[in-house]
Amino acid sequence: MARVFMKGCEAIAEAAVRAGCRFFAGYPITPQNEIPEYFARRMPEVGGIFVQGESEVASINMVYGAGSTGTRSMTSSSSCGISLKSEGISYCASARIPMVFANISRGGPGVGSIHPAQQDYLQATKASGNGGFEMLVFAPSTVQEAIDMTYNAFEYAQRDRNPVLILCDGVIGTMMEPVKLPEMKTDEEVAAFKEGNKEWACIGHGKDVKRSWIEPGHWRGQEDANIEAAAMYETWDKDVQVEEYLVEDAQIVIAAYGISARVAKSAIDILRKEGIKVGLIRPITVHPFPYHSFEKLDYSRVKAILDVEMSIPAQLIYDVKLGVNNRCPIETCLRSGGQIMSRDAVLDAVRKLNEK
Amino acid sequence: MEKVYSRTTGIREDMVNGFCPGCMHSTIIKLIGEVLDEMDIMDKAVGVLGIGCCGLHMEYMTYDNTTAPHGRACAVATGIKRANPDSLVYTYQGDGDFASIGLGESVSAANRGENITVIFVNNGIYGMTGGQMAPTTLFGMKASTAPKGRIAEEHGYPMHMCEILNQLTAPAYLERTSCNTPANVMKTKKAIRKAFENQLNGKGFSMVEIISNCPTNWGVEPLDSLTFIEEKMLPEYPLGVIRDK
Ligand SMILES: Cc1ncc(C[n+]2csc(CCOP(=O)(O)OP(=O)(O)O)c2C)c(N)n1
Ligand code: SF4
Ligand SMILES: [Mg+2]
């Protein structure tokens with residue numbers, strides 16, 4: 001298939017449409033406005049529904065409703081807007097509604113800045129709402145990856161009947177890159193997805209058909225539902241994705257995801273030419289986290305880990321620490337509040353570490 | 001012998017409902033079930049329950065239903081109806097749910113003329129959480145968070161949702177009824193039927209506001225709650241069709 005030149009946000013929306021997403025509701029917030037705008041144009045072409053919700057709260061609840069009918073559904077927002085969605089995300093997890101949402105994240109806390117950041121890591125990976133539910137969380141570092149992750153996210157959401165999050169920083173969301181788009185699901189396939197969900201969908205079955213009970217955490221069954229969900233989360237080890245770049249002989253290992261990882265990777269190519277043995281561990285799924293990649297490192301060789309992220313204070317570092325388990329020092333290279341990680345900052349940080 | 005009355009198939013026979021004795025929620029959900037039976041649309045119906053005492057009957061219903069986060073029923077119903085237009089989608093919400101925390105979702109869905117039905121149960125109080133003040137609490141009416149009773153200077157005025165929504169162009173049908181007398185029960189049933197018919201005919205947003213009771217948190221006997229409705233609630237919330245287009 002030919003390559004096309006696309007902006008991250010629009011590519012995410014097109015990937016969703018191609019995956020069979022036929023309902024989107026969202027509320028404007030920079031830097032993700034191109035997602036709802038794209039769906040507004042695109043959905044009528046494929047017989048899908050776009051609604052501009054009156055708020056993030058309304059939008060996630062529309063998706064909760066549409067997802068409840070077995071229709072592939074999506075919403076998106078950025079940082080403070082994601083906070084507003086958190087109650088609805090928790091309801092979707094509780095009611096086991098498959099849906100996909102994207103956080104094109106910006107600076108924070110509060111309204112923060114409209115510029116790219118990675119300051120929602122802990123919220124995304126540990127608690128996107130009350131009650132201790134979990135989700136698969138994918139963090140793209142290229143527009144192509146954002147496309148592939150979004151496309152596949154609908155399959156994971158369907159498989160687990162659970163929300164899936166694309167945690168995408170504002171750089172990937174707003175940059176343009178040449179990409180290959182995945183196959184468009186046919187109308188028949190899209191209809192079959194919905195039909196396949198009929199068993200549990202809330203669409204009106206009538207008295208003679210199995211009663212559909214989508215019960216967002218009613219107290220009688222709540223513990224059973226939680227035990228069932230926890231068992232499902234336990235099966236996710238197989239879904240862990242990670243990129244290990246030049247780690248085999250590395251004495252310094254960078255830990256980074258999303259755009260920071262991409263910047264770090266370009267720094268590594270320069271540093272390797274200077275003879276510095278540096279590599280990268282890039283979590284692709286940030287939840288579940290690839291702890292194993294850090295656990296299996298040979299710490300007689302690895303002198304230090306450098307945690308590179310666009311968050312002050314650092315957040316990814318908590319998961320890195322769990323994997324490293326005190327076996328070597330962990331240093332940081334951080335930006336925040338909408339300041340983008342620069343290659344020079346990574347180069348400097350690694351050179352300094354190398355001199356130690 | 002001719003059968004003149006039978007139990008609605010919308011309610012399970014083997015369960016006891018969760019409402020307090022004398023609570024009109026029981027009457028209203030029975031009416032909804034009867035209308036669904038009479039219109040023969042039980043196999044299309046999806047109830048979206050708000051959070052509040054309305055949720056006490058979720059297990060007791062025999063047809064599809066889901067629960068919205070507190071106040072968000074109109075948004076959830078929007079999603080269900082748009083994604084599955086063949087369903088008959090209604091919300092069932094209390095006054096705290098519809099007129100306080102969910103005001104934005106309620107007004108916005110009405111303003112879009114969303115083709116859904118709202119059954120709005122106004123008992124002037126937060127029943128489920130133990131009698132706190134609602135936007136619909138009457139002047140002088142005591143609530144656990146307004147121990148001296150509602151006063152305009154501090155709490156503002158009782159909110160008239162039918163009249164507020166009547167300022168919008170889109171809604172098709174707005175009627176206020178009650179269940180305090182047999183005649184009013186029959187009128188409520190008629191209004192629910194009309195609101196469902198509107199949805200099937202694609203007319204758009206319809207709402208029936210039902211002036212209801214909460215003997216438990218009003219601190220009165222169920223029979224006295226009927227007098228309270230007649231003497232206090234109805235003068236503030238006059239019954240009738242506010243919009244029918
Ligand atoms: C987000 C959120 N806030 C608060 C509550 C607690 N809560 C449950 S029911 C309710 C009030 C219900 O009152 P109303 O809507 O009038 O229904 P009623 O019980 O009177 O029928 C509140 C505040 C909640 N469940 N969720
Ligand atoms: S608390 Fe009030 S509204 Fe709730 S069931 Fe009891 S009487 Fe009805
Ligand atoms: Mg109430």
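The values are calculated or read from the model by the stated rules, or taken from the named source; none is laboratory data. In this text the structure is predicted, and so the values were computed from the model without any measurement. In this analysis, Cβ positions are derived from the backbone assuming ideal geometry, glycine residues included, and neighbour counts consider all displayed protein chains.
Some values worked out for this structure:
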| item | result |
| --- | --- |
| Residue match in segment A:62-69 (condition: more than 10 Å from every other protein chain (Cβ to nearest Cβ) and surrounded by 24 or more Cβ atoms within 10 Å (Cβ to Cβ)) | no |
| In segment A:168-190, the residues that are surrounded by fewer than 21 Cβ atoms within 10 Å (Cβ to Cβ) and acidic (D, E) | A:E177, A:E183, A:D187, A:E188, A:E189 |
| Subset of segment B:47-62 (residues that are within 13 Å of ligand 3 (Cβ to nearest atom) and out of contact with any Asp or Glu (no Cβ under 9 Å at 6 or more places or on another chain)) | B:C53, B:G55, B:L56 |
| Yes/no for A:S105 being within 14 Å of chain B (Cβ to nearest Cβ) and within 26 Å of A:I172 (Cα to Cα) | no |
| Total residues in segment B:40-73, condition closer than 11 Å to B:S87 by Cβ and β-branched (V, I, T) | 3 |
| Unmet criterion (only one of (1) within 16 Å of ligand 1 (Cβ to nearest atom); (2) more than 14 Å from chain A (Cβ to nearest Cβ)) for B:E153 | (1) |
| Any hit, segment B:136-144, residues being surrounded by 20 or more Cβ atoms within 10 Å (Cβ to Cβ), near ligand 1 (Cβ under 9 Å from one of its atoms) and at pLDDT 95 or above | yes |
| Any hit, segment B:175-182, residues being of a type in the set (S, T, N, Q) and more than 16 Å from ligand 2 (Cβ to nearest atom) | yes |
| Tally, over segment B:98-124, of residues that are within 14 Å of ligand 1 (Cβ to nearest atom) and of a type in the set (S, T, N, Q) | 4 |
| Residue identified as of a type in the set (A, V, I, L, M, F, W, C) and either in contact with a helix residue (DSSP H, G or I) (Cβ under 7 Å, 6 or more places away or on another chain) or closer than 15 Å to B:N123 by Cα (or both) among B:A152, B:A195, B:A146, B:A183 | B:A146 |
| Residue within segment B:133-145 that is within 14 Å of another protein chain (Cβ to nearest Cβ) and either within 16 Å of ligand 3 (Cβ to nearest atom) or assigned to a strand (DSSP E or B) (or both) present | no |
| B:G202, sole failed condition from (1) in a helix (DSSP H, G or I); (2) more than 13 Å from ligand 3 (Cβ to nearest atom); (3) not hydroxyl-bearing (S, T, Y) | (1) |
| Flag for B:K232 being farther than 20 Å from B:V48 by Cβ, away from chain A (no Cβ under 14 Å), within 16 Å of ligand 3 (Cβ to nearest atom) and of a type in the set (K, R) | yes |
| Residues being buried (at least 23 other Cβ atoms within 10 Å of the Cβ) and either near ligand 3 (Cβ under 9 Å from one of its atoms) or modelled with pLDDT under 95 (or both) - total across segment B:100-132 | 7 |
| Condition check for B:V46: within 16 Å of ligand 2 (Cβ to nearest atom) and either farther than 19 Å from B:N217 by Cβ or charged (D, E, K, R) (or both) | no |
| Neighbours by Cβ (under 7 Å, 6+ apart or cross-chain): first from segment B:125-145, hydroxyl-bearing (S, T, Y); second within 12 Å of ligand 2 (Cβ to nearest atom) and part of a loop (DSSP other than H, G, I, E, B) | B:Y126/B:A134; B:T136/B:G124; B:T137/B:G124; B:S144/B:G130; B:S144/B:G131 |
| Top-ranked residue in segment A:6-56 [being closer than 20 Å to A:I114 by Cα and within 14 Å of chain B (Cβ to nearest Cβ); ranked as surrounded by the fewest Cβ atoms within 10 Å (Cβ to Cβ)] | A:S55 |
| Residue among B:E175, B:E163 that is in a strand (DSSP E or B), out of contact with any Phe, Trp or Tyr (no Cβ under 7 Å at 6 or more places or on another chain) and more than 14 Å from chain A (Cβ to nearest Cβ) | B:E175 |
| Test: residue in segment B:125-134 that is in contact with a Gly (Cβ under 9 Å, 6 or more places away or on another chain), within 16 Å of ligand 1 (Cβ to nearest atom), aromatic (F, W, Y) and more than 20 Å from B:E38 (Cβ to Cβ) | yes |
| Test: residue in segment B:41-60 that is surrounded by fewer than 24 Cβ atoms within 10 Å (Cβ to Cβ), β-branched (V, I, T), more than 7 Å from every other protein chain (Cβ to nearest Cβ) and in a loop (DSSP other than H, G, I, E, B) | yes |
| Inter-residue pairs, beta-carbon under 7 Å, first within 14 Å of chain A (Cβ to nearest Cβ) and in segment B:12-31, second within 10 Å of ligand 2 (Cβ to nearest atom), 6+ apart | B:G18/B:L56; B:G18/B:H57 |
| Unmet criterion (only one of (1) over 13 Å from the mean Cα position of the chain (by Cα); (2) farther than 17 Å from A:E56 by Cβ; (3) more than 7 Å from every other protein chain (Cβ to nearest Cβ)) for B:H70 | (2) |
| Where B:Q93 falls short, out of the listed (1) within 16 Å of ligand 3 (Cβ to nearest atom); (2) surrounded by fewer than 22 Cβ atoms within 10 Å (Cβ to Cβ); (3) within 14 Å of another protein chain (Cβ to nearest Cβ) | (2) |
| Answer from B:E231, B:E236 - the residue that is modelled with pLDDT of 95 or more, among the charged types (D, E, K, R), in contact with a His (Cβ under 9 Å, 6 or more places away or on another chain) and farther than 18 Å from B:T91 by Cβ | B:E236 |
| Count of residues meeting criterion [hydroxyl-bearing (S, T, Y), under 17 Å from the mean Cα position of the chain (by Cα) and under 19 Å from B:G96 (Cβ atoms)] in segment B:144-179 | 1 |
| Residues satisfying the stated conditions in segment B:21-40, i.e. crowded, with 17+ Cβ neighbours inside 10 Å and either out of contact with any helix residue (DSSP H, G or I) (no Cβ under 9 Å at 6 or more places or on another chain) or in a loop (DSSP other than H, G, I, E, B) (or both) | B:G22, B:C23, B:K30, B:G33 |
